[in-house]
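Here it is, the structure, as structure tokens.
The values are calculated or read from the model by the stated rules, or taken from the named source; none is laboratory data. In this text the structure is predicted, and so the values were computed from the model without any measurement. Note: ideal-geometry Cβ built from the backbone for every residue, glycine included; neighbour counts use all protein chains shown. For the accessible areas, the whole protein counts, side chains as well, though only heavy atoms, and no ligand, DNA or RNA atoms are used. Shrake-Rupley method; radii C 1.70, N 1.55, O 1.52, S 1.80 Å.
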Amino acid sequence: MRSTDSSCMAHSILCVVGARPNFMKIAPVIAALNSASPHFFVRLVHTGQHYDAAMNHQHFDALGLPAPDVNLEVGSASHAVQTAEIMRRFEPVLDEEQPSAVLVVGDVNSTLACALVAVKKGVPVVHVEAGLRSGDRTMPEEINRILTDQISDLLFTTERDARANLLREGIGDERIHFVGNVMIDTLHHNLKKAVPVAWTMRQAGLADWDRTGAGYALLTLHRPSNVDDPDTFKSLLESIADLSRRLPVIFPVHPRTRSRMEQYGLARFIENFPIMQIPPVGYLEMLGLMKDARLVLTDSGGIQEETTALGVPCVTLRNNTERPITVNEGTNVLAGNDPGRVLAACEEILQSGGRAGRIPELWDGRASERIAGIMQEWLGNGRRMVA
Ligand code: UD1
């Protein structure tokens, strides 16, 4: 309940999540805002963009996230319909909640949709993980990033280059704060609880997966640019099959990837290889799988950062990244989706052990604390409070 005692006035922050990568980012921010209580009164809205248990509840439980106060239950649809539906359903929630600010994270459709509703209602928008740019406008996330940053009042960045990106787009310097990486806060907080690989594989019914004891490569794949075109997807799967002759591959399969594989009849290209397909795993299982992998192949954004923080070699199956620090300082190599380049990058890692890399500045597990401190000061400057 909100207090009516004016000495206990708090700023109400309406936090938004929608898709899997949002959960790891919002968890430490909510914890930090709650620790700074009584300054903040935190409410959580889940748009329902991701709805499968495997993409959802198991993450909430593992991350200690409170159950959402509101679930908009939008589900899947085209980008236009999904974005519009989130906006339509978020508006009455915003009217009801009357928050001091709406806080969004990352770059998914839910991020942009809720930020857009808020700004048009005159509610300040806070964007965590601002200023990342791949320069590739065919990526839906790039559009979401650019537009969300344009309409945000307070922008928190994970790496120094992000400020230059934002300044170039005309965003005022005073709105930008370099705080570090909240996803790495979550990693620090949970590393000790990472689930052992053997346990994860047993749960997936593959107790005898490790026949060689040579270790494994971990694969994740879900970007439309890799899985929506049957030829591209097929040649990627064929290169993974080649790699698996050298090193077994563990492959938690994203629902989008699973449905494309079935639609295009591609499963047969990896069936008879040591490629262990398992359902999407929870956060603590994923940490365990990443931490002990000899190398990780991915097209995810967050995994590029997590492998850098863990010092595990990463081959990114994209031609660009919005997270250049993982390449310049971390363990990440961009290999695109050309089979020759992918296999050469893996071979190089298997022979040399991969680049050592270093931990980027302020990826120290305390980004959320900094965010809470800055928000306290920012909101203290005459913004509306709830009583
Ligand atoms: C979304 C994000 C992407 C993020 C990814 C992580 C956008 C534009 N994309 O992509 O940035 O990296 O989440 O997973 O917001 N599906 C299910 N169950 C679910 C969710 C999705 O089966 O719980 C299937 C549906 O077939 C759906 C498809 O996956 O059509 C795509 O889901 P969607 O949320 O549109 O995008 P993602 O590819 O998951």
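For the condition among the small types (Gly, Ala, Ser), within 26 Å of residue 322 (Cα to Cα) and without any contact (Cβ under 8 Å) to a residue 40 or more places away in the chain, what is the one hit in 241, 164, 207, 217?
Of the residues listed, the single one that is among the small types (Gly, Ala, Ser), within 26 Å of residue 322 (Cα to Cα) and without any contact (Cβ under 8 Å) to a residue 40 or more places away in the chain is 164.
I'd like the full set of residues that are under 20 Å from residue 360 (Cβ atoms) and in contact (Cβ under 8 Å) with a residue 60 or more places away in the chain, limited to the stretch 113-140.
128, 129, 132, 133, 134, 135
With surrounded by 13 or more Cβ atoms within 10 Å (Cβ to Cβ) and within 30 Å of residue 337 (Cα to Cα) as the only criterion, which of 185, 229 stands out?
Checking each option against the conditions leaves just 229.
I've got another one for you. From the list 277, 263, exactly one residue is within 16 Å of the ligand (Cβ to nearest atom) and not in a helix (DSSP H, G or I). Which is it?
Being within 16 Å of the ligand (Cβ to nearest atom) and not in a helix (DSSP H, G or I) holds for just one of 277, 263, which is 277.
Right, next: Can you work out which of the residues in the stretch 49-63 that are without any contact (Cβ under 8 Å) to a residue 60 or more places away in the chain and within 8 Å of the ligand (Cβ to nearest atom) is surrounded by the most Cβ atoms within 10 Å (Cβ to Cβ)?
Only one residue fits best here, namely 50.
Scan the stretch 93-111 residue by residue and report those that are in a loop (DSSP other than H, G, I, E, B), away from the ligand (no atom under 16 Å from the Cβ) and touching a helix residue (DSSP H, G or I) at 6+ places or on another chain (Cβ under 7 Å).
Answer for the stretch 93-111, where residues must be in a loop (DSSP other than H, G, I, E, B), away from the ligand (no atom under 16 Å from the Cβ) and touching a helix residue (DSSP H, G or I) at 6+ places or on another chain (Cβ under 7 Å): just 100.
Confirm whether residue 73 is in a helix (DSSP H, G or I) and away from the ligand (no atom under 11 Å from the Cβ).
When the stated conditions are applied, residue 73 does not pass them.
Can you find a residue in the stretch 269-282 that is without any contact (Cβ under 8 Å) to a residue 12 or more places away in the chain and either outside the structural domain of residue 76 (by TED's automatic domain parsing) or under 29 Å from residue 133 (Cα atoms) (or both)?
Within the stretch 269-282, one or more residues are without any contact (Cβ under 8 Å) to a residue 12 or more places away in the chain and either outside the structural domain of residue 76 (by TED's automatic domain parsing) or under 29 Å from residue 133 (Cα atoms) (or both).
Residue check, residue 68 against (1) in contact (Cβ under 8 Å) with a residue 40 or more places away in the chain; (2) more than 9 Å from the ligand (Cβ to nearest atom); (3) surrounded by 18 or more Cβ atoms within 10 Å (Cβ to Cβ); (4) not in a strand (DSSP E or B), all met but one. Which one?
(3)
Go through the stretch 325-339 and count every residue that is over 28 Å from residue 131 (Cα atoms) and either open to solvent by 50 Å² or more (accessible area, probe 1.4 Å) or not assigned by TED's automatic domain parsing to the domain that holds residue 249 (or both).
Count: 1.
What number of residues in the stretch 232-264 are closer than 22 Å to residue 293 by Cβ, in contact with a Phe, Trp or Tyr (Cβ under 8 Å, 6 or more places away or on another chain) and open to solvent by 10 Å² or more (accessible area, probe 1.4 Å)?
3
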